[in-house]
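Q: I'd like to ask some things about the structure below.
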Amino acid sequence: MVHTQPPSRSNSTWSSANHSTKVNTPGDARSGVDGGEKEGGAQYGCIIGGKYIGETQESDFDSSYGPLTKIDGVDIPLTSTEELHEDGKDYIVLRFASNDRANPYKWRPAYKLMITTMLNTMTLFIGLATTAYSSGIDSMAADLNSTALIGQVGLFTFNIACAIAPLFLAPFCEMVGRKIVYVGGYFCFSLLFIGLALGQTIGTIVGLRLLLGLFGCIGTILVGGTFDDMYEPKERSQPMAVFSYVAIVGTVGAPIYAGFIDQTIGWRWIEGVQGLANIPLLVILVVFFKETRGGVTLHKRAKALRNATGDERYVAFDDIATPNWKVMLKASSVKAIQMLFSEPVVFAFGLWIGFTWFVVFLFLSVIPITFSEKRGWSEGVSGLPYISLVIGTTLGWIAHQFQMRKYNKLLEDPNRKITPEDRLYGAMIGAVFLPIGLFIYSFTQYGYLPWIAPTIALAPIAFGIYFVFESTYSYTADCYGDSASSAIAGQGFLRNTLGAVSPLFASQFFHNVGSQYAGLILSILSLVLSLIPFVAFKYGHLLRARSRLAIEY
């Protein structure tokens, strides 16, 4: 269950500001200031208060930024200001000064790495929880006097929650900040494992899986935006590549150990182990995770200044640039669905990534058929072939480094104009491994063939899936800029919906059609969809030119 989110900026996703990466340019929505009176009558200056007046050296202040205002009674670090007149009201807008360590872009690299590691670990644990459940479905159904098909509904409810919830959660995050959403959501996510481990009816389990998907999705839909809070665009590719890697590895890797847990100590301990593993990370998040949205920090400073001075003009940029929650809710839900079905690029790549997620959850049933039914392997041992999926994903991440290197060279070429299509070189090469792997897997499932043949075939499947994920999100984000949040939310809705329905008929599909021909059908569909990056590479500029929402390059 991975729903990667595009860059959302330190300011609101819905802000109309110019998101410059510099910190000392006039009108920079995040922290920029400059001296004197600017075009349109805006006045720029700085403000400082309380203990920071004595701590700040004269050399830290550049008089060209405008006059310095000192305020007693409230501790405010050196902060840039801009006087604005908008909608008949006067505002003094706070922005980060150039050397303000509270600005997430100015955090120490080691701390950024720690935050990144925390978020990627959370993504990994959530991915593991998504599919570890599948390994205990048969024994759970027998224990609770139910059927395996009803047990599969737990996979459906988890994924359908992940499909729908992100359409409505983004505005809430914008209003309250990221930390409270991360900590609160992950706390509830971890708590639900108690119920899953102790549940006495199949209805209880299925219902709790729905809530698990609701709270678990926050750890994945916000991570991309959190990286954007901390990293400049040129630094963001590597954290996002690792994020995509751990999200896929978590989803395909859980059956490697979950089958052994079910076989030895029972299905309840699959949930118990997952829940216990979350506790240390939850404590680390509570203690060490700081708010990454710079706008939240500036909002607190503006509130403190208003309380200390009685001057209601002090605001953060988001306070006046971000619309109300109804407008944001419409942008994150209605607009997402509209873009999915009205923008050819969004729909095509959404269908492509949706198909790959469909395959991932389909194989939760297919791999046991191949190795347990046809070869008589035990439950634990039949989960070991998933190691091949992990290896394939790892090789995909390694190969992606060459794509990143090529993109960076193009970026540095002064004679080359960068376009979103430059993100697709890796996809055109790497993604074709998905249909190749599916074809090989289809005709190596016979029980009399060596087990190593279908096991090896799983690696190119995962290799191709990685490139589908990476290219879909990077290309869509580059195409749509400020509208990318809605575009990717629409793609995520389609992806998780297809992932939700596939376990409900996977076993019947492969048994009734036949494993070989069912796999062949998937291979043919994958081959057709693999044409998408080639078509986008050649005609993407024409599709973007016809779109009202795409960025002009």
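Q: On a 0 to 90 degree scale, rounded to 10, what angle separates helix 532-545 from the longest Cα axis of the chain?
A: Rounded to the nearest ten degrees, it is 30.
Q: Next up: Can you compute the helix-only [θ] at 222 nm over the chain? Use -39500 (n - 2.57) per DSSP H run of at least 4 residues, normalise by all residues, nearest 500 deg cm²/dmol. Before the final figure, lay out the partial values.
A: Numbers: 24 runs with 359 residues, N = 553.
Rounded to the nearest 500, it is -21000 deg cm²/dmol.
Q: Name the lysines eligible as straight-distance cross-link partners of residue 326: C-alpha to C-alpha under 27 Å, and not fewer than 8 places from it in the same chain.
A: 89, 179, 300, 303, 335
Q: What nm value, rounded to one decimal, do you get for the distance between residue 410 and residue 201 when each label is placed 7 Å out toward the C-beta?
A: 5.6 nm
Q: While we're on this one: Would you work out what percent of the accessible area of the range 176-217, with all protein chains in place, is carbon or sulfur (probe 1.4 Å)?
A: Numbers: 1330 of 1580 Å².
C and S fraction of accessible area: 84 percent.
Q: Any idea how far apart residue 194 and residue 551 come out in nm if each label point goes 7 Å out from Cα toward Cβ?
A: For residue 194 paired with residue 551, the spin-label model returns 4.6 nm.
Q: Can you give me the Kirkwood hydrodynamic radius for the range 252-320, using every pair of distinct Cα atoms, in Å to one decimal?
A: Working: mean 1/r = 0.0619 Å⁻¹.
Mean inverse Cα-Cα distance, inverted, gives 16.2 Å.
Q: Something else: Quick one: Cα centre-to-centre distance for the range 136-166 and the range 411-436, in angstrom?
A: Rounded to whole Å, the Cα centres lie 38 Å apart.
Q: Once you list every other residue whose beta carbon is under 11 Å from the beta carbon of residue 90, what net charge do they have if Lys and Arg are +1 and Asp and Glu are -1? Before the final figure, lay out each step's value.
A: Values: positive: 89, 313; negative: 83, 86, 87, 311, 312.
Charge balance near residue 90 sits at -3.
Q: Using only the alpha-carbon atoms, what does the range 88-222 span along each of its principal axes? Please give whole angstrom values in decreasing order.
A: 65, 42, 20
Q: Rounded to the nearest percent, how much of the accessible area of the range 241-280 (1.4 Å probe, protein heavy atoms only) is carbon and sulfur? Working shown, then result.
A: On the way: 1070 of 1380 Å².
Looking at the range 241-280 in its full context, I get 78 percent from C and S.
Q: For the range 133-149, just list the computed ³J(HN,Hα) in residue order, Karplus coefficients 6.51, -1.76 and 1.60, θ = phi - 60°, integers in Hz, with x standing in for Gly and Pro.
A: Values per residue, Gly and Pro as x: 3, 5, 5, x, 4, 4, 5, 5, 4, 5, 5, 9, 6, 10, 10, 4, 5 Hz.
Q: Sticking with this one: Relative to the longest principal Cα axis of the chain, at what angle does helix 255-265 sit, 0 to 90 degrees, rounded to 10?
A: With both axes taken from Cα atoms, the answer is about 60 degrees.
Q: Let me ask something else about it. Which value, in Å², gives the accessible area per residue of the chain when a 1.4 Å probe is used on the protein heavy atoms? Don't skip to the end; give the middle numbers.
A: On the way: 22520 Å² over 553 residues.
That works out to 41 Å² per residue.
Q: Report, to two decimal places, the Cα Rg of the range 459-553 normalised by 2.2 N^0.38 Å (N = number of residues). Working shown, then result.
A: Numbers: Rg = 16.4 Å, N = 95, 2.2 N^0.38 = 12.4 Å.
Output field value: 1.32.
Q: Starting from one equal scatterer on each C-alpha and no solvent at all, send me the Debye-based log10 I(q)/I(0) for the range 297-446 at q = 0.09, 0.19, 0.22 Å⁻¹, two decimals.
A: -0.61, -1.17, -1.31
Q: A further question on this structure: Using only the heavy atoms of the protein chains and a 1.4 Å probe, how would 402, 215 rank by accessible area, largest first? Please list the in-between numbers first.
A: On the way: 402 130, 215 60 Å².
Order by accessible area, largest first: 402, 215.
Q: How far, in nm, would the chain grow between residue 512 and residue 86 when pulled straight, counting 0.36 nm per residue and subtracting the alpha carbon separation?
A: On the way: separation 426, 0.36 × 426 = 153.36 nm, distance 6.57 nm.
Answer, rounded to one decimal: 146.8 nm.
Q: Right, here's the next one. Taking the convex hull of the alpha carbon atoms in the range 194-277, what volume per residue do you get, in Å³?
A: Numbers: hull volume 8.6 nm³, N = 84.
For the range 194-277, the hull spanned by Cα atoms encloses 103 Å³ per residue.
Q: Right, next: Taking 0.36 nm per residue of separation and subtracting the Cα-Cα distance, what length does fully extending residue 145 through residue 534 add?
A: Values: separation 389, 0.36 × 389 = 140.04 nm, distance 5.03 nm.
Using 0.36 nm per residue and subtracting the Cα-Cα distance, I get 135.0 nm.
Q: For Cα extents along the principal axes in Å, the listed values are (1) 91, 68, 50; (2) 82, 55, 38; (3) 89, 80, 46; which was obtained by calculation from the structure presented?
A: Label (2) holds the value from this structure.
Q: What three numbers, in Å, describe the spread of the alpha carbons of the range 280-344 along their principal axes, ordered from the longest?
A: 51, 42, 17
Q: Angle check, please: helix 202-216 long axis (alpha carbons) against the longest principal axis of the chain (alpha carbons), in degrees 0 to 90, nearest 10.
A: 40 degrees
Q: Something else about it: What net charge is computed for the residues neighbouring residue 117, neighbours being all others with C-beta under 15 Å from the C-beta of residue 117, Lys and Arg scored +1, Asp and Glu -1?
A: Working: positive: 108, 112, 290; negative: none.
Summing Lys and Arg as +1 and Asp and Glu as -1 gives +3.
Q: Quick check on the range 377-504: what are the equivalent-ellipsoid semi-axes from the Cα gyration tensor, as sqrt(5λ), descending, whole Å? Walk me through the numbers on the way to the answer.
A: Working: eigenvalues 222, 74, 24 Å².
One finds semi-axes of 33, 19, 11 Å for the range 377-504.
Q: Enumerate the residues in the range 124-163 having an amide nitrogen under 11 Å from the point lying 7 Å beyond the Cα of residue 277 toward its Cβ.
A: 124-133
Q: For the range 453-553, with all protein chains present and a 1.4 Å probe, just round the carbon and sulfur fraction of the accessible area to a whole percent. Show your work: numbers first, answer last.
A: On the way: 2680 of 3890 Å².
Ligands and nucleic acids excluded, carbon and sulfur reach 69 percent.
Q: Right, here's the next one. Taking 0.36 nm per residue of separation and subtracting the Cα-Cα distance, what length does fully extending residue 330 through residue 108 add?
A: Numbers: separation 222, 0.36 × 222 = 79.92 nm, distance 3.66 nm.
Roughly 76.3 nm would be gained on extension.
The values are calculated or read from the model by the stated rules, or taken from the named source; none is laboratory data. The model shown is predicted, which means the values in this text are computed figures rather than measured ones. Backbone-built Cβ (ideal geometry, glycine too); neighbour counts: all protein chains shown. We work out accessible area using only protein heavy atoms, side chains counted, and drop any ligands, DNA or RNA first. Shrake-Rupley method; radii C 1.70, N 1.55, O 1.52, S 1.80 Å.
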